[in-house]
1. If I go through region A:65-85 residue by residue, how many of them are over 17 Å from A:Gly15 (Cα atoms) and within 10 Å of chain B (Cβ to nearest Cβ)?
2. Can you report the number of residues in region A:141-175 which are assigned to a helix (DSSP H, G or I) and either within 18 Å of A:Asp86 (Cβ to Cβ) or in contact (Cβ under 8 Å) with a residue 24 or more places away in the chain (or both)?
3. Which ones in region B:106-123 are among the β-branched types (Val, Ile, Thr) and either at the interface with chain A (Cβ under 9 Å from one of its Cβ atoms) or loosely packed, with under 15 Cβ neighbours inside 10 Å (or both)?
4. Please specify each residue of region A:124-135 satisfying the condition of being facing chain B (nearest Cβ under 10 Å) and touching a residue at least 24 places away in the same chain (Cβ under 8 Å).
5. Could you list, in sequence order, all residues of region A:20-62 that are out of contact with any Asp or Glu (no Cβ under 8 Å at 6 or more places or on another chain), surrounded by fewer than 20 Cβ atoms within 10 Å (Cβ to Cβ) and within 14 Å of chain B (Cβ to nearest Cβ)?
6. So which pairs qualify, if the first residue must be in region A:176-205 and among the β-branched types (Val, Ile, Thr), the second must be assigned to a loop (DSSP other than H, G, I, E, B) and surrounded by 20 or more Cβ atoms within 10 Å (Cβ to Cβ), the Cβ gap must be under 8 Å, and the two must be at least 6 apart or on different chains?
7. Being crowded, with 22+ Cβ neighbours inside 10 Å, farther than 25 Å from A:Tyr163 by Cβ and not aliphatic (A, V, I, L, M) is the filter here, so list the residues in region A:124-142 that pass it.
Protein chains: 2
Amino acid sequence: MAYELLYWPSIQGRGEFVRLALEEAGEDYEDVARGPGGVDALMATLKEGPTPSFAPPFLRAEGMTIGQTAAILMYLGERHGLAPQDTAGRLWVHQLQLTIADLVAEAHDTHHPVGSGLYYEDQKAEALRRAQDFTAARVPKFFAYFSGVLGEKDYLLGANVTYADLSLFQLLEGLDYAFPKATARALAQHPNLAALRGRVAARPRIAAYLQSPRRIPFNEEGIFRRYPELDS
Amino acid sequence: MAYELLYWPSIQGRGEFVRLALEEAGEDYEDVARGPGGVDALMATLKEGPTPSFAPPFLRAEGMTIGQTAAILMYLGERHGLAPQDTAGRLWVHQLQLTIADLVAEAHDTHHPVGSGLYYEDQKAEALRRAQDFTAARVPKFFAYFSGVLGEKDYLLGANVTYADLSLFQLLEGLDYAFPKATARALAQHPNLAALRGRVAARPRIAAYLQSPRRIPFNEEGIFRRYPELDS
């Protein structure tokens with residue numbers, strides 16, 4: 001069956017975590033707002049139906065409309081072998097995903113520390129302070145945690161890739177785009193995270209996706225933005 | 001069986017969402033760091049075992065250690081009738097929980113917009129700006145969403161209480177403590193949310209809990225802090 005992904009058409013954003021899971025699963029999906037309906041198709045359906053979403057992304061599947069990135073990944077993960085089947089494993093991969101999401105939210109707030117409805121230019125002074133704390137304290141702390149979990153394994157849970165690995169890959173890609181200096185410094189402390197990133201990028205379906213026009217380039221409208229003044 | 005909850009002993013914080021679910025379920029639990037071991041017992045176990053947590057709260061149950069508030073609630077919800085059993089219902093209640101968690105994180109950042117490792121006093125100017133955006137734009141937007149989902153029903157999903165209702169109650173309590181003026185104004189627009197809050201508070205086990213010494217009072221160390229200068 002074909003999934004329908006509803007997300008902004010011009011950015012990776014939070015939708016990218018869902019796209020990576022769908023790509024790794026080899027599933028057909030329609031990225032609706034990138035089709036002829038555009039953003040209008042997205043906005044028209046956001047608050048629709050019995051399970052409306054507060055914000056994109058959301059996924060239509062099997063008559064359901066599922067919102068919140070981590071909930072969508074949990075659903076896809078269980079259906080497509082990107083998560084363990086047992087309770088303990090399902091919870092653990094979800095816990096890791098939620099921790100990744102925490103750092104993603106903090107990365108967003110480096111350029112929007114005052115309000116998501118304001119322009120970056122109107123909160124630049126606050127952004128400088130927040131980004132400094134983010135690169136100096138937060139990224140190293142989260143990297144140490146994920147590195148410790150990964151250890152010498154191929155993937156976070158062991159030999160098999162899960163949606164949390166795909167999300168950690170995307171987080172590392174995004175941080176490297178937005179904060180190349182700080183990320184290189186932090187990754188140098190944790191070569192196993194750099195290796196995981198390469199391992200995910202080399203998976204055949206992910207590699208093909210990254211080379212395809214379906215992969216939207218990073219830009220300064222998404223979560224991870226390259227504002228050189230914020231990287232130190 | 002008795003659960004072990006690992007969380008800071010002197011604040012409601014994110015642990016309170018777990019406490020409310022355990023109380024509503026009528027389950028025995030040990031709030032470990034409030035016992036003789038204190039914070040040392042919490043810190044000693046944070047990074048321990050095969051599923052370490054990045055931060056409290058975490059729950060020990062059936063030989064598992066589960067971190068991340070939403071993951072803990074998903075587990076407890078399914079075990080204790082605080083969530084539907086079917087896939088669509090499980091995902092929907094989790095989606096709502098994650099949306100509540102987003103506003104909880106934003107509430108925290110009103111007093112810590114620059115960095116969680118810095119004192120409020122060292123980021124007061126930024127906090128004033130962020131709190132203004134939070135009370136003027138974010139709270140009304142989230143309240144409109146939750147009010148629309150709730151509609152005329154007793155609880156978010158219908159006749160039966162779920163962990164998302166308990167969490168929404170706690171969010172409303174916290175916002176009312178931290179931002180009494182802004183919250184009263186926003187609730188006046190959505191009487192069904194005020195009614196939900198009262199409905200949860202009146203549930204026998206919740207009412208007993210709120211009157212007990214197990215309920216830690218709100219204070220200025222938790223997520224929801226009453227700094228009158230931030231309320232407008």
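All of the numbers you see were taken from the coordinates with simple rules; none came from a lab. If you're wondering where the values come from, they're calculated on a predicted model, not measured in any experiment. Cβ: placed from backbone, ideal geometry, glycine included. Neighbour counts: every protein chain shown.
1. Total satisfying the criteria: 2.
2. Residues flagged as assigned to a helix (DSSP H, G or I) and either within 18 Å of A:Asp86 (Cβ to Cβ) or in contact (Cβ under 8 Å) with a residue 24 or more places away in the chain (or both) within region A:141-175 amount to 21.
3. Scanning region B:106-123 gives a single hit, B:Val114.
4. Passing the criteria: A:Ala127, A:Leu128, A:Ala131, A:Gln132, A:Phe134.
5. Result: A:Leu46, A:Lys47, A:Glu48, A:Gly49, A:Pro50, A:Thr51, A:Pro52, A:Ala55, A:Glu62.
6. Listed pairs, sorted by first residue: A:Val200/A:Val161.
7. A:Glu126, A:Arg130, A:Thr135
Every residue, every condition in (1) out of contact with any helix residue (DSSP H, G or I) (no Cβ under 7 Å at 6 or more places or on another chain); (2) more than 25 Å from A:Lys141 (Cβ to Cβ); (3) aliphatic (A, V, I, L, M), yes or no:
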| position | (1), (2), (3) |
| --- | --- |
| A:Leu20 | no, no, yes |
| A:Glu24 | no, yes, no |
| A:Val32 | no, yes, yes |
| A:Phe54 | no, yes, no |
| A:Arg60 | yes, yes, no |
| A:Tyr75 | no, yes, no |
| A:His80 | no, yes, no |
| A:Gln85 | yes, yes, no |
| A:Gln95 | no, no, no |
